[in-house]
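Scroll down for the structure; my scribbles are underneath it.
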Amino acid sequence: MAYTPQYYPGSTSVGINRRKHMSGNLEKLRDISEADIVATMGHRAPGADYASTHPPLKEMGEPDCPIRQIVAPTPGAAAGDRVRYSQFSDSYYFGPSVPYWRSYYGSINCKGCDPGTLSGRQIIEARERDIEAYTKKIMDSEMFDPALAQMKGCTVHGHSLRLQENGTMFDMLARTEMGKDGNVYQVKDQVGIPLDKKLNLGKPMSEAEAKKRTTIFRVDGVSMHGKVGARKYDEAVEALHHMWELRSKWGYRPE
Amino acid sequence: MVTKSDTESIQVEIVPNRYLMPATAQSLLNEIYENGGIIRIMIHGPNLPRSVPYGPGKGAPIEENRNLLIEVGGQAFELSVNVGRIRLELESEKYFDGLKAACERALPFSFQIRRGKFFHTHPTLTDYAKFGKVEDTRILGLIDPKANKNRLGHIV
C-alpha cells in the first residue's frame, strides 16, 4: 500500500484545514490570470522577458554530479532566472492561512523555494517563473481571500488590527479597494506602486465561510483548548505538548 | 465622609469593533459633539501616510490617504489616521448616557465604551522635550509622542 503522509493531528476544522494546506490538496476558488499575478508581484511587466542571472543550465556544462543527475531542475533554475519573492499577510480575524502554514505549504509543495516565516507575514523566494506559478496556485486556492489575506511586500501591519468597516484588512498603503460591485480590486502592486489598471480579485468570503476555512485557532472560533470550561484538549494540543517535551528534554533525540 | 461632586469630569474611551471610514467617523464625531460636555477629545488609530514610507516603492503617492476631510461641529479638518479609538473627557457624568446613545446612533456595528483614566496628568519626558514647560495641562495625553510637531493632534 502506498504511503500517505500524515501531516497534522486534530479533528477540528482548523486541524483539517491545516492538513489540507500542508498536503497541497487545496480547493480552487477563483481564477486570477497569470498577467494579473505578475503585475501584482511587480517584479517584471506582464509579457516581458525573464531576466536571468546565469545562462541556461544546458549551456553551462554542469559538472558530473550524481545529485544533479537525480534532481531535475525547476523550469526557473533550468532557464537561469533571478530569484524573486511574493509575501502574504493574513488577518488575525480568521485569515485563511497562518504564516507557518504558508511555509509548510511552500516547503512541502513548492520545489526549489525558500520560505520565510515572520509573526504576521510569510515570504516565499524562488526563481522568477517558479514563484509566479506558486503564487498563482496560492491566490487561486483557499489559501487566499481578497479581504483577509493580501500580497504585501512591505508594510504588513494590518494583520494584527481590527478589520475595516467594509470587512477588509487594514492596509496603510491602500493596495486593494472594495468595489461597488462587492469585488475586491488590486490597485497597487505588493510594494505600493500604482498599477495601470484595477485587477479583479473576486468577492471576499463571508464571515461564516472564513471561519470554516481558517487555519487559525481562536477563542471566538475553534479554540485550541476545546470548549471553554470543558478542558477537552484537541489532539493537536496533545501532540504539541508531546513535541515540546521531547524538544525541551532531549532536543528531539530521545535515546 | 467626603461626598463626591457630581460635576467632576469623567474620562471615557470608545472602541468600535471595526476601523471607521471617514464618513462614519464624521457622523460619530458630530453625534458626540452634539451631545456636548466635551472638555477634550482624542482620536486614535493607525497612521495614513501620504506617500509610501519605505520599501522599493518609497515616495510613491497614496492618493487614497489624501484629502480625507471631515467636518465636525462646523469645523473642517483632515484625518491623518484611520479612526479606531476615541478618548474623551466629559464635564460631568450626566453626559455619559447621551454619549453612549450617540455611539449607538452613529455606529452600524458593535462597540465598547468604558470609563477610566486615559489621559496622563504629569508631563512625560517626551512632553518636556517637545513642548518645554506645559502651561495648559489639558494637552497632556492628546499627543502622539512620535508625531512631528506639524502633525500633532487637532483639538476639537
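Quarter the surface of the alpha carbon convex hull of region B:26-74 and you get the mean projected area, 4.5 square nanometres. Here the extension length gained between B:Arg50 and B:Ala129 equals 25.8 nm, from 0.36 nm per residue of separation less the Cα-Cα distance. Computed across region A:99-255, the Kirkwood hydrodynamic radius from all distinct Cα-Cα pairs reaches 18.0 Å.
Since only A:Pro96, A:Met172, A:Ala133 are under comparison, the one whose Cα sits farthest along the positive direction of the charge dipole of chain A, derived from C-beta charges on Lys, Arg, Asp and Glu, is A:Pro96. Rounded to the nearest Hz, the phi-derived 3J(HN,Hα) couplings of region B:43-48 under the Karplus curve 6.51 cos²θ - 1.76 cosθ + 1.60 (θ = phi - 60°) are 9, 9, x, x, 5, 10, where x marks glycine and proline.
What the pair-distance distribution of region B:1-107 shows, using all Cα-Cα distances binned every 10 Å from zero, is 14, 39, 26, 13, 6, 1, 0 percent.
Mind checking the dipole of chain B: about its Cα centre, +1 per Lys or Arg Cβ, -1 per Asp or Glu Cβ, Debye to the nearest 20? Mind showing how you got there, number by number?
Numbers: 20 positive and 18 negative charges, 121 e Å.
It comes to approximately 580 debye.
Distances between every pair of Cα atoms in the protein assembly as shown, grouped in 20 Å steps from 0 to the bin holding the largest one, split as 21, 46, 27, 5, 0 percent. In the elastic network of chain B, a GNM with C-alpha springs shorter than 10 Å, the most mobile of B:Asp97, B:Asp127, B:Asp136 is B:Asp136. The charge dipole of the protein assembly as shown, taken about the Cα centre with unit charges on the Cβ atoms of Lys, Arg (+1) and Asp, Glu (-1), comes to about 640 debye, rounded to the nearest 20. Each listed q (0.14, 0.15, 0.16, 0.18 Å⁻¹) maps to a log10 I(q)/I(0) for region A:97-158 from the Debye sum over equal C-alpha point scatterers, namely -0.35, -0.41, -0.47, -0.60.
Read-outs: derived from the displayed coordinates by stated rules, not from any lab. Computed from a prediction, not measured in an experiment: that's the story for all the values here. In this analysis, Cβ positions are derived from the backbone assuming ideal geometry, glycine residues included, and neighbour counts consider all displayed protein chains.
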